[in-house]
1. Throw me the Rg/Rh for region 118-194, computed over C-alpha atoms with Kirkwood Rh, two decimals.
2. Out of residues 5 or more away from Arg132 or on other chains, whose amide H comes under 5 Å of its own, with H placed 1.01 Å from N in the peptide plane?
3. Considering just Cα atoms, how many Å³ per residue does the convex hull of the chain enclose?
4. With viscosity set to 0.890 mPa s at 25 °C, what whole-number translational diffusion coefficient in µm²/s follows for region 144-255 from Stokes-Einstein and a Kirkwood radius over Cα pairs?
5. Counting other C-beta atoms within 10 Å, and keeping those with at most 14, which DSSP coil GluC sites (Glu not before Pro) do you find in region 1-65?
6. Hand me the GluC sites (Glu not before Pro) from region 71-126 located in a DSSP loop with no more than 16 other Cβ atoms within 10 Å, in residue order please.
7. With +1 on each Lys and Arg Cβ and -1 on each Asp and Glu Cβ, and nothing else charged, work out how big the dipole of the chain is about its Cα centre, in Debye to the nearest 20.
8. Of all chymotrypsin sites (Phe, Trp or Tyr not before Pro) in region 1-86, which ones are in loop regions per DSSP and have a Cβ with at most 14 other Cβ atoms within 10 Å?
Amino acid sequence: MRKLSVVIIAFNESHRIARCIRSVLDVADEILVVDSFSEDDTCEIAEALGAVVIREKFRGYVEQKNFAMSRATGDLILSLDADEAIDQSLQEEIDAIKMSQTEDLVYQIDRFNCYAGKWIYHGAWNPDYKIRLFSPESGRWEGLNPHDRFQPATGIRTKQLKGKILHWSYDSVAAHESKIQNFARLGANSYFVAGKRAFWWNPLISPLFRFVRDYFFKAGFLDGSAGFTIAWLTAREVRLKYQILRDLQKKSGIS
């Protein structure tokens, strides 16, 4: 049987970390919580449930997940954020994978999102497939912060699982609004460093396109007011990201 390491990224998640850890207790051989120096009881709760806590300065979502992966000792790694948990079906699938000897696969899992107390069935958030189960040698985390993704190595196949990762994204609309500025700044800085540029029309056209795509073409309207709010605030974040990127370009003398 292969050893499973569960690695959890956390920061000030005292109200969520217990749910996350308890969901993996029956399948995990090792639970590591990489904590960015939380100021609440996150670490104490994690340790009380048997997790090993590693405190590491936050340098970005991609960097944090690659660091967490480097500290795991298992043959398989399940990567979670502290606001997530796995369902019973996924637990059973992971148990079966641990018993198998297939090592040239990474596993894609649908993340089912809860927004302000409402589960989301449409829009850009459903389906929400993520590669979260893999062996340490099968790839690494890439992407532009704050949007990380696991990139399999050449020749590694991807298999889709039936179970789900349950994700409590935001407890309220206000919590979502409070994160927009930070995510927009992270995204703009990542774009700038990567050499991506914004034109005068990006702050106008890009958010409009995103809203229309998510709310109408991806049927976000079927989730009622929650679907509208998600599409609207996502469009606002896109607008802010391009505005900040334009400002960075001007400061650097780039038109």
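1. 1.02
2. Amide H neighbours of Arg132, under 5 Å, 5+ apart: Tyr107, Ile109.
3. With only Cα atoms used, the chain gives 133 Å³ per residue.
4. Working: Rh = 16.0 Å.
So the translational diffusion coefficient is about 153 µm²/s.
5. Here the sparse-neighbourhood loop sites are Glu39.
6. Glu103
7. On the way: 34 positive and 33 negative charges, 294 e Å.
For the chain, the charge dipole is close to 1420 debye.
8. Phe37, Phe58
Only the coordinates and a few stated rules stand behind these numbers; no lab work does. These numbers were taken from a predicted model, which means no experiment stands behind them. In this analysis, Cβ positions are derived from the backbone assuming ideal geometry, glycine residues included, and neighbour counts consider all displayed protein chains.
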